[in-house]
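Asker: This is the structure I want to talk about, given as structure tokens.
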Amino acid sequence: MEKPTVLGYMKDQPRALRETFRRRAEFVDPFRQLFEQLPIKKVLFFGSGTSYNASQIAAYEFKQLCGLEAQGHYPTVFAHYEKADWTGLLKKEEILFVGISQSGTSISTIEVMEKARSEGYPTVALTENLDSEITHHVDHVIHLLCGKEETPPETRGYTVTLLQLYLWALSAAEVRGKLTEKEVEQALAETEAFLNQFDQVIAESEAWYDRNATTIVNSDRIYVLGYGIDYGSALEGMLKIGEMLRLPTIGYEIEEYSHGPTMAISPKQTILMLGSDEAEWKRCLQFRDAFRRYTERVHLITVKEAPADHRDLVFSVKANKYLAPIMLTVPFQFVAAKGAKDTNIDTNENPFKEELAHLPEA
């Protein structure tokens, strides 16, 4: 049997996303029931690594689409330094804890979910492994339909997670009366049309990497900049490039990057910018032009129409700002995985052998 590879999982994403959408009742219906049964006013999302980055995007969607207070947290930081409700005005049944763990073995996520459950908060785990440890520490388990990834870096799991979280948000928004049934049906039709074009997203992302590979993989440092909903996407880009290509990689909110870090710009640094359909779009273009005065290695990745050259990736596939993060992560996956391959790094092998973050799988 051929050994699984990160690139293989990446190129399987169009199929996996379409299959997940087809089976959406399996994960949307049980989540919807929670919103029908409980007076939920606040949702707290937890995860580490890729799952934390997805939680940032989920929190944005639940605030914007559902009109709910929603937050994404690092589990350990929350457990030691935060409270579910500092005001003391919410009842426990009004605060939903959601733990995201593809493997179901993340120690910190398991611990915060176990603590929340013991304190009487409703808890949900979104996990690919229905027999994993996290399933024993929550009230409800919902299946993450990405399939098991046998390589250490997660790629297919991230995009499938984003899709499932977005479909959750649409459902919760309908229950809360923020979206009508017709509006949800329209959003689902847009989602299906978007997923049917995802092979093109893969092709355009790989072509963009190929024409810029030489300078990217020979960078001294890589910065990934995002804003609005795609701040979480910038964090995911930083994570993927750091763990696979293994160059110093730093993620920033785009405006904040100009407050000090710009003092370190040099010609051998690469800046990857996400252009989102948000309030900072014009600033994004202004920043791109300014940064290119100091390094030519500035790349804009966007679904919006923009003046562009070979360094940029302006997707021909268009999507609303809630769907766009699913596609905007793909170019980073190619920088990470194909860049690693081009520089003789084996992404199937984790050189760090200490089991600090995860429990052993059963």
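Asker: Which shape class, rounded, prolate or oblate, goes with segment 284-336 when its Cα gyration tensor gives a ≥ b ≥ c as root eigenvalues, a/c under 1.5 marks rounded, and past that a/b bigger than b/c marks prolate?
Answerer: Cα axes put segment 284-336 in the prolate bin.
Asker: Per DSSP helix of 4 or more residues, -39500 (n - 2.57); summed, then divided by the residues of the chain. What does that give at 222 nm, rounded to the nearest 500?
Answerer: The helix contribution divided over the chain gives -14500 deg cm²/dmol.
Asker: So what are the ³J(HN,Hα) numbers for segment 113-128, from phi and the Karplus equation (6.51, -1.76, 1.60; θ = phi - 60°), rounded to whole Hz, Gly and Pro as x?
Answerer: 6, 4, 5, 4, 5, 5, 8, x, 8, x, 10, 9, 10, 9, 8, 6
Asker: List every residue whose amide H lies under 5 Å from the amide H of TYR223, counting only residues 5 or more places away in sequence or on a different chain, with H placed 1.01 Å from N in the peptide plane.
Answerer: ILE250, THR270, ILE271, LEU272
Asker: Continuing with this model, one more query. Let me have the relative contact order for the chain, percent, based on Cα pairs under 8 Å that are six or more residues apart.
Answerer: Computed over the chain, the figure is 19 percent.
Asker: Hey, any idea what % of segment 123-228's accessible area is carbon plus sulfur with a 1.4 Å probe?
Answerer: C and S fraction of accessible area: 42 percent.
Asker: On a 0 to 90 degree scale, rounded to 10, what angle separates helix 330-342 from the longest Cα axis of the chain?
Answerer: 60
Asker: Which lysines, if any, have their Cα less than 20 Å from the Cα of LYS3, not counting same-chain residues under 8 positions apart?
Answerer: List returned: LYS11, LYS148, LYS338, LYS341.
Asker: To continue, here is another question. Quick one: accessible surface of ASP131, probe radius 1.4 Å, all protein chains present, in square angstrom to the nearest 10.
Answerer: Surface open to solvent at ASP131 totals about 130 Å².
Asker: Can you pull a Stokes-Einstein diffusion coefficient for segment 188-300 at 37 °C (0.692 mPa s), Rh from Kirkwood over Cα pairs, as a whole number of µm²/s?
Answerer: Using the Kirkwood radius from Cα pairs, D works out to 220 µm²/s.
Asker: Right, another one. Compute the distance from the alpha-carbon center of segment 200-278 to that of segment 10-36, in whole Å.
Answerer: With segment 200-278 and segment 10-36 each reduced to a Cα centre, they are spaced 29 Å.
Asker: Could you provide, to the nearest whole Å², the per residue accessible area of the chain with probe 1.4 Å?
Answerer: Here the residues of the chain average 43 Å² of exposed surface.
Asker: Separate question: Of all the accessible heavy-atom surface of segment 1-88, with the other protein chains kept in place and a 1.4 Å probe, what percent is carbon and sulfur?
Answerer: 49
Asker: What order do ASP230, ASP29 take when sorted by accessible area (1.4 Å probe), most exposed first?
Answerer: Listed by decreasing accessible area, they come as ASP29, ASP230.
Asker: Return the long-range amide H neighbours of LEU38 (sequence gap of 5 or more, or a different chain), with a cut-off of under 5 Å between placed amide H atoms.
Answerer: Correct list: empty.
Asker: ³J(HN,Hα) across segment 56-64 via Karplus (A = 6.51, B = -1.76, C = 1.60, θ = phi - 60°), whole Hz, x for Gly/Pro?
Answerer: Residue by residue, segment 56-64 yields 5, 5, 4, 4, 4, 5, 5, 5, 6 Hz.
Asker: Order TRP281, TRP86, TRP168 by their accessible area, 1.4 angstrom probe, all chains in place, largest first.
Answerer: These residues rank, largest area first, as TRP86, TRP281, TRP168.
Asker: Compute the distance from the alpha-carbon center of segment 50-90 to that of segment 314-341, in whole Å.
Answerer: Answer, in whole Å: 25.
Asker: Next question, about the same structure. Quick one: Karplus J couplings for segment 159-175, per residue in order, coefficients 6.51, -1.76, 1.60, θ = phi - 60°, nearest Hz, x for Gly and Pro?
Answerer: Listing the rounded values in order: 5, 5, 4, 4, 5, 5, 5, 5, 5, 4, 4, 4, 5, 5, 5, 5, 4 Hz.
Asker: Which pairs break 20 Å Cα to Cα here: LYS41/LYS178; LYS268/LYS318; LYS63/LYS115; LYS41/LYS92; LYS91/LYS178?
Answerer: Too far apart for the 20 Å limit: LYS268/LYS318; LYS63/LYS115; LYS91/LYS178.
Asker: Taking H placed 1.01 Å from N in the peptide plane, check which residues at least 5 places from GLY72 or on another chain put their amide H under 5 Å from its amide H.
Answerer: PHE45
Asker: Shifting gears a bit: Please identify, among ARG211, ARG156, ARG221, the residue showing maximal mean-square fluctuation in a Gaussian network model of the chain using a 10 angstrom Cα cutoff.
Answerer: ARG211
The values are calculated or read from the model by the stated rules, or taken from the named source; none is laboratory data. All values reported here derive from a predicted model rather than from experimental measurement. What goes into the accessible areas is simple: the full protein's heavy atoms, side chains included, and nothing from ligands, DNA or RNA. Shrake-Rupley method; radii C 1.70, N 1.55, O 1.52, S 1.80 Å.
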